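*Asks:* Once you've had a glance at the structure underneath, I'll fire off some questions.
The values are calculated or read from the model by the stated rules, or taken from the named source; none is laboratory data. Treat the numbers as computed from the prediction; the structure is a model and nothing was measured. Cβ: placed from backbone, ideal geometry, glycine included. Neighbour counts: every protein chain shown. Heavy atoms of the whole protein, side chains included, go into the accessibility calculation; ligands, DNA and RNA do not. Shrake-Rupley method; radii C 1.70, N 1.55, O 1.52, S 1.80 Å.
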Amino acid sequence: MNLDSKVQTAQQISRDVLLEKYAKTGETLPEHIFRRAARGVAQAEADEAQRHHWEQKFYMMFLEKRAIGGGRIMSSAGTDIGATLINCFVQPVGDCATGLDEDGDPGIYEALSQAAETMRRGGGVGYNFSKLRPRGAWVNGTSSISGGPCTFMDIFDTSCKTVESAGARRGAQMGVLDCTHPDLLEFVAAKRTPGRWNNFNVSICISDAFMEHVEVDGTWELFHRAKPGPAIIANGAFQRADGMWVYSRVNAREVYDSIMKSTYDYAEPGILFPDNANRNNNLQYAEKFLATNPCAEHWLPAYGCCDLGQLILPTFVSNAFSEEASFDFAAFQDTVQTLTRFLDNVLEVTKWPLEQQRQEAQNKRRIGIGFTGLGNTLTMLGLRYDDEMGRKFAARISEVMRDAAYLASIELARERGVFPLFNSDKYLADGTCASRLPEPIKERIRVNGMRNSHLLSIAPTGTVSLAFADNASNGIEPAFSWGYVRKKRLAGGGDKHYDVFDHAFNLFFEHKAKPLLGETAAQTFKEAVFYNRPSFIRDGKEVQVSDILPSCFVTALEMTADAHLRMMEAVQPYIDASISKTVNVPADYPFEDFKGLYLDAWKAGLKGLATYRPNAILGSVLSVATDKAPEAKSKAQAMPEVPDIDPLSVVIEKRPPGRMNGITERIDYYNTEGRQSVYLTVNFQDVEGVVGGKVVTVNRPIELFLQGVPGAVPQEWVALAARTLSLVARANLLHKALADLRQVPSDRGNVRYGFYEKEDGTRVPRTHRSEVGAIAYAIQEILRERGYLDVDGNLIPTRVQAKSQLALTDAEPAQTVAIKTGLMHGIECGECGAHAVIKKDGCDYCTNCGSLGTCG
């Protein structure tokens, strides 16, 4: 370890976060965490001697800050908790309610259950919802009209809010829709609704064909294989020769502009380029990418996972900030080899939330080696992140990392065997990332094979960088600022404030600023940098900060958008997965230039792009105090018109505390075994909204319980079903779920429950296709009696439910409503409370306290 890399003990904030986020009972030092994780992952080795040898190698890799496992690994490896060590997964969602669709993908509620189990065990989940039939499509099973994928995403969002992830964090999600889906524009606009999909990053898969249509201003077809309902057919929908139904034809450039305007104003949706990703896929012969993980650095097929670890790049720099500064490529290559083995071991020792995930991982053995601290490393070497020399050096680091990882995987294949789906000719076919390897490495692959199908992924490092790398710049990013205050809420109440500095700046301060300026002047210099002042006082004279701080100290907000993009372009050819990076653009960046960024990204072969532009909608990156008092506003200005908020569309995040208003009924039904009884409980909550400027209240079901279900159904499945229905109810989609469940068949025969009345007044027993259908009907009856559903199971609109309230003329004053709804902007930091959360590295980043949201 060179002197520059360990000139000082880690900042107090780094040590505190490391122990708070990753330490388990009895672990009071970082070394305890390192030893536990190293020992836990080394258990995959063949014998005791090998386990001891590799435990020590892994431990020293951590201790010397050369590399680190992903946050899930460092938190849970070597423990007996039921969490997975894998960061993220992709979950298929089929076009049916339950069971499997015609392609074998799990139906909506099965996928929801699988995703909940994955998040409960600590994994984030990405989904492509494009298989779900569009809004207005015909549903044969229920002879009804589909609400479209966006309505079902509400359910997944609610589930994520209420399912506690391992380690007491909420799970992260990515929602993806293809650019061909008829609900594309609804999807683009969905997150503009305050509070909607707060637990989703959303992205659109944009094909080569779409971009080509944009370039020529062509007409674009929005299509799906599901047949439209009568209204859409009457409006001109038609079936193509390939069997697809074209719902509408739109102008490609106008659609592109709509997508870009949303991204320009709201930082979402992100843009994914699946054709670029699939062309580069080493396994293009065995799979097709479905979606990305929540931060988009890993394209994955159904049930694919990302097993992540990061090299800490600043550690390999010697003689920083001098003409003799260098990067230790030999030590770097050795560490890449150790990290490759470490992550391959993780696939053996982790707990898998689902069997499908385990099988997918064993067939392909994907891992994701990445790096953190690139921005700091270039600065320490005297290179600017935003110039050609900096990009070339970043590319060199990436190339060496790639070659070392592939060589390590070849050696693992010799020792442990190749991944089951390996085929050397197809793996090295033209276009794949592996086909760009040097010829000697490709020849070794042909002879010995590969242990891992994919090896490289540049992820956002979140808390890992702060905790394990002394606040080095995150992932591939440049530094965001050289210093900031992090306000942390304490468990016992109150706050603790930390002055947090960038790792590279701290090294410069100790090695260069203090020897040059002396202790007193160095501290005033440090204070000026911290508060972003242009000058400081030394010996009674004003000195410019730029005279002391070299030009290689350039932050993310000081460089052009094109510079961010060109760094991705320089590194991506050496990464077989993808890169998570945010391209920062200034608030006044022209919209036409902004659109051009995405066109450039597509042409450069990038696999996706995310941008952030501070603006009036999202809030500025940093707020500056001012002494100027706001001008007095007229009463009309102070009392803006209050928008309607339908209480039936409000998503309820969690059950309110205390006793609830509910109803419990015994449901007696008859199956082939005779009379059976189930106890059904439905709890309700009053939900407020605004209709026509008036406050109204609707009594909504939000919680369901089932007890005493007979037969072979395990009680834990009964509880899970009730839990799922509760989540669906909180997203106000219970009526749709019940209609779907009414159609579920059973091989145990029909079930009798309830009656219907013929025209002559005769009451006839009602027959259902299954016990599930009978119970769903029983729930519908309870909701009908409460005035929530009509006799056909349809939701009764708010204006009907709240008819008596709307008849009143003296409703609650509008200004009270404005206070209640004013908090629904969705950018408040959950850690410090400041309204300063932006998208950075694909994660929620608080510019006030440095919190990194679910990525931490």
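*Asks:* Is it true that some residue in the stretch 351-360 is part of a loop (DSSP other than H, G, I, E, B), under 17 Å from N87 (Cβ atoms), in contact with a His (Cβ under 7 Å, 6 or more places away or on another chain) and not polar (S, T, N, Q)?
*Replies:* no
*Asks:* Then there is this: List every residue pair whose Cβ atoms lie under 7 Å apart, where the two residues are 6 or more positions apart in sequence or sit on different chains, the first residue falls within the stretch 779-793 and is crowded, with 21+ Cβ neighbours inside 10 Å, and the second residue, located anywhere, is in a loop (DSSP other than H, G, I, E, B) and of a type in the set (A, V, I, L, M, F, W, C).
*Replies:* Sorted first by the residue in the stretch 779-793, then by its partner, the pairs are Y788/I796; L789/I796.
*Asks:* Now for a different question. Can you go through G94, G123 and tell me which one is closer than 26 Å to F289 by Cβ and surrounded by 24 or more Cβ atoms within 10 Å (Cβ to Cβ)?
*Replies:* G123
*Asks:* How many of the residues making up the stretch 446-473 are within 18 Å of H298 (Cβ to Cβ), among the small types (G, A, S) and in a loop (DSSP other than H, G, I, E, B)?
*Replies:* So the count comes out to 3.
*Asks:* Name the pairs whose Cβ atoms lie under 8 Å apart, with the first residue in the stretch 514-539 and farther than 17 Å from A504 by Cβ and free of Cβ contacts under 8 Å to residues at least 40 places away in the same chain, the second part of a helix (DSSP H, G or I) and among the hydroxyl-bearing types (S, T, Y), and 6 or more positions between them or separate chains?
*Replies:* Pairs that qualify, where the first residue is farther than 17 Å from A504 by Cβ and free of Cβ contacts under 8 Å to residues at least 40 places away in the same chain and the partner is part of a helix (DSSP H, G or I) and among the hydroxyl-bearing types (S, T, Y), are P534/S546; F536/T524; I537/T524; R538/T524.
*Asks:* Which strands (runs of 3 or more DSSP E) sit wholly inside the stretch 225-340 and have at least 1 residues that are open to solvent by 50 Å² or more (accessible area, probe 1.4 Å)?
*Replies:* 245-251
*Asks:* Does the stretch 154-188 hold any residues that are at pLDDT below 95 and open to solvent by 10 Å² or more (accessible area, probe 1.4 Å), and which are they?
*Replies:* Across the stretch 154-188, the qualifying residues are D154, K161, T162, V163, E164, A166, G167, A168, R169, R170, A172.
*Asks:* Please specify each residue of the stretch 594-605 satisfying the condition of being part of a helix (DSSP H, G or I), surrounded by fewer than 18 Cβ atoms within 10 Å (Cβ to Cβ) and touching a residue at least 12 places away in the same chain (Cβ under 8 Å).
*Replies:* Of everything in the stretch 594-605, those that are part of a helix (DSSP H, G or I), surrounded by fewer than 18 Cβ atoms within 10 Å (Cβ to Cβ) and touching a residue at least 12 places away in the same chain (Cβ under 8 Å) turn out to be L599, D600.
*Asks:* Is it the case that the stretch 393-414 has a residue that's outside any helix (DSSP H, G or I) and surrounded by fewer than 19 Cβ atoms within 10 Å (Cβ to Cβ)?
*Replies:* no
*Asks:* Just checking, does the stretch 722-730 include any residue being open to solvent by 50 Å² or more (accessible area, probe 1.4 Å) and touching a Lys or Arg at 6+ places or on another chain (Cβ under 9 Å)?
*Replies:* No, there is no match, as no residue in the stretch 722-730 is open to solvent by 50 Å² or more (accessible area, probe 1.4 Å) and touching a Lys or Arg at 6+ places or on another chain (Cβ under 9 Å).
*Asks:* Going through the stretch 506-561 one residue at a time, which ones are assigned to a strand (DSSP E or B) and among the hydroxyl-bearing types (S, T, Y)?
*Replies:* The answer is S535, and nothing else.
*Asks:* Now for a different question. Only one residue in E102, E27, E55, E31 is farther than 28 Å from L300 by Cα, surrounded by fewer than 15 Cβ atoms within 10 Å (Cβ to Cβ) and without any contact (Cβ under 8 Å) to a residue 60 or more places away in the chain, so which one is that?
*Replies:* Result of the check over E102, E27, E55, E31: E31.
*Asks:* Check whether at least one residue in the stretch 744-756 is assigned to a helix (DSSP H, G or I) and modelled with pLDDT under 85, and report yes or no.
*Replies:* No, every residue in the stretch 744-756 fails to be assigned to a helix (DSSP H, G or I) and modelled with pLDDT under 85.
*Asks:* Looking at the stretch 541-582 only, could you name the residues that are hydroxyl-bearing (S, T, Y) and within 23 Å of the chain's Cα centre (by Cα)?
*Replies:* S578, S580, T582
*Asks:* Another question, then. Checking the condition surrounded by 16 or more Cβ atoms within 10 Å (Cβ to Cβ), within 27 Å of M153 (Cβ to Cβ), touching a strand residue (DSSP E or B) at 6+ places or on another chain (Cβ under 6 Å) and at pLDDT 85 or above, which residue from H735, H768 passes?
*Replies:* H735
*Asks:* Do we find a residue being open to solvent by 30 Å² or more (accessible area, probe 1.4 Å), more than 30 Å from Q362 (Cβ to Cβ) and under 27 Å from the mean Cα position of the chain (by Cα) anywhere in the stretch 443-466?
*Replies:* No, the stretch 443-466 contains no residue that is open to solvent by 30 Å² or more (accessible area, probe 1.4 Å), more than 30 Å from Q362 (Cβ to Cβ) and under 27 Å from the mean Cα position of the chain (by Cα).
*Asks:* Among the residues in the stretch 663-678, are any under 17 Å from S726 (Cβ atoms), free of Cβ contacts under 8 Å to residues at least 60 places away in the same chain and open to solvent by 20 Å² or more (accessible area, probe 1.4 Å)?
*Replies:* Yes, the stretch 663-678 has at least one match.
*Asks:* Right, another one. Return the pairs, sorted by first residue and then second, in which the second residue is of a type outside the set (G, A, S) and assigned to a helix (DSSP H, G or I), the first residue lies in the stretch 10-21 and is touching a residue at least 12 places away in the same chain (Cβ under 8 Å) and at positive phi, the beta carbons are less than 6 Å apart, and the residues are 6+ apart or on different chains.
*Replies:* Listed by first residue and then by second, the contacts come to nothing, as the list is empty.
*Asks:* Still on this model: Does the stretch 109-119 contain at least one residue that is over 15 Å from the mean Cα position of the chain (by Cα), over 19 Å from S649 (Cα atoms), among the aromatic types (F, W, Y) and open to solvent by less than 30 Å² (accessible area, probe 1.4 Å)?
*Replies:* Yes, some residue in the stretch 109-119 is over 15 Å from the mean Cα position of the chain (by Cα), over 19 Å from S649 (Cα atoms), among the aromatic types (F, W, Y) and open to solvent by less than 30 Å² (accessible area, probe 1.4 Å).
*Asks:* Another question, if that's okay. Return the only residue of A563, A479, A521 being small (G, A, S) and either touching a strand residue (DSSP E or B) at 6+ places or on another chain (Cβ under 7 Å) or surrounded by fewer than 20 Cβ atoms within 10 Å (Cβ to Cβ) (or both).
*Replies:* Every option except A521 fails the conditions.
*Asks:* Now for a separate question. Can you tell me which residue is nearest to Y266 (Cα to Cα) among those in the stretch 564-583 that are in a loop (DSSP other than H, G, I, E, B) and touching a Cys at 6+ places or on another chain (Cβ under 9 Å)?
*Replies:* Among those residues, the one meeting the criterion is S580.
*Asks:* Test of understanding: among G94, G69, which residue is modelled with pLDDT of 95 or more and in contact with a Pro (Cβ under 7 Å, 6 or more places away or on another chain)?
*Replies:* Unique residue meeting the criteria: G94.
*Asks:* Can you tell me which of K541, K581 is of a type in the set (K, R) and buried (at least 20 other Cβ atoms within 10 Å of the Cβ)?
*Replies:* K581
*Asks:* Right, here's the next one. Taking the stretch 229-277 only, how many residues are more than 30 Å from the chain's Cα centre (by Cα) and of a type in the set (G, A, S)?
*Replies:* 8
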